[in-house]
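Novice: Handing you a structure now.
The values are calculated or read from the model by the stated rules, or taken from the named source; none is laboratory data. Please read all numbers here as calculations on a predicted model, not as lab measurements. Cβ placement follows ideal geometry from the backbone for every residue including glycine, while neighbour counts extend to all protein chains displayed.
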Amino acid sequence: MEDGLERIATKAYGEIEVPENSAIQFVGPILGFEEFQYYYLLEVRDLPGFYWLQSKQDANVAFIVIDPRTFMKDYELVIDKIDMDILEIGAGDEVLDYVIVNIPEDPAKMTMNILGPIVINAAKRLGIQGISNKNDYDTKRPIFHSDGEEAKAEKEAAAGQ
């Protein structure tokens with residue numbers, strides 16, 4: 001093992017090396033996984049824009065996450081000030097936000113949880129699963145739309161212009 005690296009067990013890749021002190025401490029837990037506090041953000045090989053949020057404590061606990069703006073251009077991160085305070089976010093701090101993706105047997109039916117975003121203070125490596133204050137957000141927003149839905153959305157957008 002090289003200096004500055006630590007070996008971790010992962011769900012997707014077996015044992016790998018990651019930079020020391022690169023774990024993100026979840027000071028607000030992921031719902032249903034309260035006992036797991038430390039995670040790594042790892043790129044999904046051969047799938048740009050998708051990441052593994054891998055538990056440090058248990059190799060079998062890992063989530064696929066994405067930047068929601070990849071598939072939802074008008075996505076807005078709107079969370080309570082208390083969540084920002086928990087993350088110790090100050091002026092100019094880089095805030096990363098991701099959403100957990102559910103991948104069923106048919107990947108065309110993937111959904112993302114835009115109601116419960118993963119929010120990270122990049123500099124301090126602190127994270128939470130927040131709750132969005134956007135009333136129209138839900139836990140199972142389709143990532144891909146059927147052709148009929150896309151055509152309807154395009155028609156509505158054109159009518160509004």
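Novice: Can you find a residue in segment 32-50 that is within 22 Å of Thr139 (Cα to Cα), exposed (fewer than 13 other Cβ atoms within 10 Å of the Cβ) and in contact with a helix residue (DSSP H, G or I) (Cβ under 7 Å, 6 or more places away or on another chain)?
Specialist: Yes, that holds for at least one residue.
Novice: From the residues in segment 84-100 that are buried (at least 19 other Cβ atoms within 10 Å of the Cβ) and in contact (Cβ under 8 Å) with a residue 40 or more places away in the chain, which one is farthest from Gln25 (Cα to Cα)?
Specialist: Once the filter is applied, the top-ranked residue is Ile100.
Novice: Here's a check for you: in segment 1-15, which residue that is at pLDDT 95 or above and out of contact with any strand residue (DSSP E or B) (no Cβ under 6 Å at 6 or more places or on another chain) is surrounded by the most Cβ atoms within 10 Å (Cβ to Cβ)?
Specialist: Ranking the candidates gives Tyr13 first.
Novice: Then there is this: Pairs only if they're at least six apart or on different chains, beta carbon under 6 angstrom, first in segment 110-138 and under 12 Å from Leu77 (Cβ atoms), second aromatic (Phe, Trp, Tyr) and not in a loop (DSSP other than H, G, I, E, B); list them, first residue then second.
Specialist: Once the first residue is under 12 Å from Leu77 (Cβ atoms) and sits in segment 110-138, its partners that are aromatic (Phe, Trp, Tyr) and not in a loop (DSSP other than H, G, I, E, B) give Ile118/Tyr98.
Novice: Looking at (1) outside any helix (DSSP H, G or I); (2) modelled with pLDDT under 95; (3) within 26 Å of Asn21 (Cα to Cα), find the lone condition where Asp136 falls short.
Specialist: (3)
Novice: Exactly one of (1) at pLDDT below 95; (2) part of a loop (DSSP other than H, G, I, E, B) is unmet by Met84. Its number?
Specialist: (2)
Novice: While we're here: Could you list, in sequence order, all residues of segment 51-75 that are under 13 Å from the mean Cα position of the chain (by Cα) and surrounded by fewer than 17 Cβ atoms within 10 Å (Cβ to Cβ)?
Specialist: Hits for segment 51-75 are Asp67, Arg69, Thr70.
Novice: Within segment 104-126, work out how many residues are farther than 13 Å from Thr139 by Cα and assigned to a loop (DSSP other than H, G, I, E, B).
Specialist: Residues of segment 104-126 that are farther than 13 Å from Thr139 by Cα, as a first pass: 104-109, 119-126.
When the remaining residues are screened for being assigned to a loop (DSSP other than H, G, I, E, B), the result is 104-106, 122-125.
Number satisfying all stated conditions: 7.
Novice: Looking at segment 57-77, can you tell me whether even one residue there is in contact with a Phe, Trp or Tyr (Cβ under 6 Å, 6 or more places away or on another chain), hydrophobic (A, V, I, L, M, F, W, C), assigned to a loop (DSSP other than H, G, I, E, B) and closer than 21 Å to Asn113 by Cα?
Specialist: yes
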